[in-house]
Every structure is written in structure tokens, then in C-alpha cells.
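Everything below concerns the one structure shown next.
The values are calculated or read from the model by the stated rules, or taken from the named source; none is laboratory data. Because the structure is predicted, anything quoted here is derived from the model rather than measured. Cβ: placed from backbone, ideal geometry, glycine included. Neighbour counts: every protein chain shown.
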Amino acid sequence: MELRPITPADVDAVQDLIESDPGYTERITGYPPGEADAQSLLMMRPDGLAEDAKVVLGAFAGRQLVAVVDLLRGFPNERTAFIGLLEVHSDHQGRGHGRTTYELVQRYVESTWPEIRTMRLAVVDTNAQVAAGFWQRQGFQATGEARPYRYDKLESTARLYEKQLPEEGGG
């Protein structure tokens, strides 16, 4: 698989990927996927975060988009990269593509953003049964931090996970 930034030409493929797994969107938002979800993924970022600090990456097998990753550089601090989303197309789930995509993302961060020492993400309780074990297998550990999570009528808790990256030259 190859990891590369998503371009405007890839928006339809990202939308197809999101729509292929409606359960994820429903667990996170309380609603099925919407027709502009891919466009929102490409544009939305935390208040105050520079536009160039966000990158949406696609994991491609040939020309097929297998997974998409939302990645924030320097969030919540300059030594941390935050994974806002890693979603695998439903046709490719259960084949190790999520793990491979994460490994490519970690390599991307280590080689492109050398100041980053910590990977961070949040798992929403309504998605924890699916996501928490996956992230723990990738080496992430719960920080003990939890924040209220709300999307329209859906109320839950977001629990933070972190993984320390090896020091440069430490492999």
C-alpha cells in the first residue's frame, strides 16, 4: 500500500469509503453518513490550528482507496500529532489494512515531522468496542483523560490515548 495526501480528485473515493461503513458514522454522530462528509473531513480542523497543520492521507492499493486518515500536526502541542480518524473501507476490513495504514502513518510522521514525539487520539465510548482494542494493539495507551463528547443529540465520552514515538535514531 502507498500513503499519499488526498487531493480534490479523491473526494468521491473518500465519500464512497465513508458511506461503505455507515456503522462508524452512526456510532460517532448518531446519524448515517451525509452526502458532504468527505468534504467536511477535508476542511474541518480545530479552532486556531493553521490550515497547513492538517493533512488527510489516503492508503491506496493501486488506484483503490483502502483507508483514510485525518492527521493534525502540532495538536494539542508542537510535539504531538493527533489522529482524528482512521477509517478502512468496509470491503477491506479484517485484512490487516488498518494496522498497515497506521504503520505507514507513523512512518510518515517520523520522516516528515521530526519534531513530533507523541501520537495522540481519542476513542469515543460509543465506538470503543470497535476501536479501543485496535489502538491498543498499535501501542497506544489510555492516558486516563476523558472529555465529554457531543454531536448534536449523541452524548458520550471521548477517552484519550497516546503513543510515544522512538527518539531519532532509536528505530
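Candidates Glu145, Glu155: the one that is within 23 Å of Gly23 (Cβ to Cβ), of a type in the set (Asp, Glu) and either out of contact with any Gly (no Cβ under 8 Å at 6 or more places or on another chain) or in a strand (DSSP E or B) (or both) is Glu155. Every listed requirement among (1) within 19 Å of Asp21 (Cα to Cα); (2) at pLDDT 95 or above; (3) surrounded by 12 or more Cβ atoms within 10 Å (Cβ to Cβ) is met by Gly133 save one, (3). Contact map, the range 150-171: first residue farther than 12 Å from Ile28 by Cβ and loosely packed, with under 10 Cβ neighbours inside 10 Å, second residue among the charged types (D, E, K, R) and modelled with pLDDT of 95 or more, Cβ cut-off under 8 Å, separation 6 or more or different chains; pairs are Glu167/Arg117. Summed over the range 26-68, residues that are of a type in the set (S, T, N, Q), farther than 28 Å from Ile116 by Cβ and either under 16 Å from the mean Cα position of the chain (by Cα) or at pLDDT 95 or above (or both) total 1. Residue pairs whose Cβ atoms lie under 8 Å apart, sitting 6 or more positions apart in sequence or on different chains, and linking a residue in the range 26-45 that is in contact (Cβ under 8 Å) with a residue 60 or more places away in the chain to a partner that is part of a helix (DSSP H, G or I), are Arg27/Thr126; Arg27/Asn127; Arg27/Val130; Ile28/Thr126; Ile28/Asn127; Tyr31/Thr25.
Does Arg95 satisfy the criteria of being in a loop (DSSP other than H, G, I, E, B) and out of contact with any Lys or Arg (no Cβ under 8 Å at 6 or more places or on another chain)? When the stated conditions are applied, Arg95 passes them. Considering only residues in the range 140-149 that are within 17 Å of the chain's Cα centre (by Cα) and closer than 19 Å to Arg27 by Cβ, the one that is surrounded by the most Cβ atoms within 10 Å (Cβ to Cβ) turns out to be Phe140. The set of residues in the range 103-139 being under 26 Å from Gly30 (Cα atoms) and not in a strand (DSSP E or B) consists of Asp125, Thr126, Asn127, Ala128, Gln129, Val130, Ala131, Ala132, Gly133, Phe134, Trp135, Gln136.
Across the range 65-96, the qualifying residues are those that are touching a residue at least 12 places away in the same chain (Cβ under 8 Å) and polar (S, T, N, Q), and the one among them that is surrounded by the most Cβ atoms within 10 Å (Cβ to Cβ) is Thr80.
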